[in-house]
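Values quoted throughout were computed directly from the atomic coordinates according to the rules given, and no laboratory measurement underlies them. The structure displayed is predicted, hence computed values, not measured ones. Please note: Cβ atoms are built from the backbone with ideal geometry, for glycine as well, and neighbour counts cover all protein chains shown.
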Amino acid sequence: MSESLSIRYCTDPDALFCRYASESKPQPAYIELGLRDGVFLASYDSAVGPRQQTAGVFSGIDRRWTIPILSGGAANNLLSKLAVLAQRVLDGAEVEWDGNNHVGQLITDDANEAYTSIAAHCEAIDATGRRRRSSCLEHGQHRRPLERGRSWHLHRRHHE
């Protein structure tokens, strides 16, 4: 599929925050890529109670990744940062009729790798849009004490 990516930026600083009066917690947030139209956006899940999927998400036409509730600016930065990966997903995707429904499929290895990279990035960010400190442990860093009784700090392993 050769759709061009169209980023729909948040225009409100609180665009991803929604807490209904009947709920004790805010609604979860996500980023979504429409395989049919190429729209890449950040929003919150409007479904209350057990999480329901839209028809587009269920059929794979809209791809979603859960993110923390970010400010509009942090969400916009995230969308910009992931735009190249999102375009790679689009480039290797197609929407086809399967005999019953239109379904979205990732048909290239590159699209699958980009999809997985977006998922990993979304899982590794905190509510500010930055990488969580614990995610550094997966990328060749470890914690060690400076001295007895002092706080811990991150120390990058040096590869020679």
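Length available on full extension from Arg131 to Arg36: 0.36 nm per residue minus the Cα-Cα distance, which gives 31.2 nm. For the range 22-80, a/c is not less than 1.5, where a ≥ b ≥ c are the root eigenvalues of the C-alpha gyration tensor, and a/b does not top b/c. That puts it in the oblate class. When you count the other C-beta atoms within 10 angstrom of each residue and take the mean per peptide, 113-124, 24-35 line up highest first as 24-35, 113-124. Database remark: amide H of Ala93 closer than 5 angstrom to the amide H of Ile107 (H placed geometrically; neighbours at sequence offset of 5 or more, or on other chains; Pro and chain starts carry no H). In order along the range 91-102, phi translates into HN-Hα couplings of 5, x, 10, 8, 10, 10, 7, 9, x, 10, 8, 7 Hz, rounded to whole numbers, per the Karplus curve 6.51 cos²θ - 1.76 cosθ + 1.60 with θ = phi - 60° and x for Gly and Pro. Gain on full extension, evaluated as 0.36 nm per residue between Trp97 and Glu23 minus their Cα-Cα distance, stands at 22.8 nm. Over the range 6-126, all Cα pairs binned in 10 Å intervals from 0 give whole-percent P(r) values of 13, 43, 33, 10, 1, listed from short to long. Computed over all pairs of different Cα atoms, the Kirkwood value for the hydrodynamic radius of the range 5-51 is 11.9 Å.
Along the axis of the charge dipole computed for the range 6-126 (Cβ charges of +1 for Lys and Arg, -1 for Asp and Glu, origin at the Cα centre), the listed residues Ala42, Pro13, Ala120 are led at the positive end by Pro13.
Available extension along the chain between Ala47 and Lys81 is 9.5 nm, counting 0.36 nm per residue and deducting the alpha carbon span.
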